[in-house]
Amino acid sequence: MHIFEIFMAVLEVMFFVGLAGSSIVVLISFIEDGKELFGKD
């Protein structure tokens, strides 16, 4: 049963790391799109 708890903890950490990484990628792409949209006068 301890193996299952450790496995779930590792999965939880991986999930939140992936969520943070995805939000960073979305934020960077949003900034790049904003530069492309508003940069051209």
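Checking a compactness column here: for the chain, what do you get for Rg(Cα) / (2.2 N^0.38 Å), N being the number of residues?
Cα-based Rg divided by the globular estimate yields 1.98.
Figure the gain on full extension for PHE38 and PHE15 (residue separation times 0.36 nm, minus the Cα-Cα span) and round it to one decimal in nm.
Roughly 4.9 nm would be gained on extension.
Return the carbon/sulfur percentage of the accessible area of the chain, one whole number, probe 1.4 Å, all protein chains in place. If you can, show how the numbers build up before the last one.
Numbers: 3160 of 4090 Å².
Here it works out to 77 percent.
Just how large is the dipole of the chain about the Cα centre, in debye to the nearest 20, putting +1 at every Lys and Arg Cβ and -1 at every Asp and Glu Cβ? It would help to have the intermediate numbers written out before the result.
On the way: 2 positive and 6 negative charges, 7 e Å.
The dipole of the chain has a size of about 40 debye.
Compute the helix-to-body angle for 2-39: its Cα long axis versus the longest principal axis of the chain, expressed 0 to 90° and rounded to tens.
0 degrees
Write down the accessible area per residue of the chain in Å², having rolled a 1.4 Å probe over the full set of protein chains. Mind dumping the intermediate values first?
Values: 4090 Å² over 41 residues.
The answer is 100 Å² per residue.
What does the helix-only formula give at 222 nm for the chain: each DSSP H stretch with n ≥ 4 adding -39500 (n - 2.57), the total divided by the residues, and the result rounded to the nearest 500 deg cm²/dmol? Please list the in-between numbers first.
Details: 1 runs with 38 residues, N = 41.
About -34000 deg cm²/dmol.
So which GluC sites (Glu not before Pro) in the chain end up in coil per DSSP with only 15 or fewer other C-beta atoms within 10 Å? Provide the component values of the computation, followed by the final result.
Working: sites: GLU5, GLU12, GLU32, GLU36; in loops: none.
Loop-located and lightly packed - none at all.
The values are calculated or read from the model by the stated rules, or taken from the named source; none is laboratory data. This one's a predicted model, so the numbers in the text were calculated from it and none came from an experiment. No Cβ is skipped: glycine too gets one built from the backbone with ideal geometry, and neighbour counts run over all protein chains shown. In case anyone asks, the SASA skips ligands and DNA or RNA and just uses the protein heavy atoms, side chains included. Shrake-Rupley method; radii C 1.70, N 1.55, O 1.52, S 1.80 Å.
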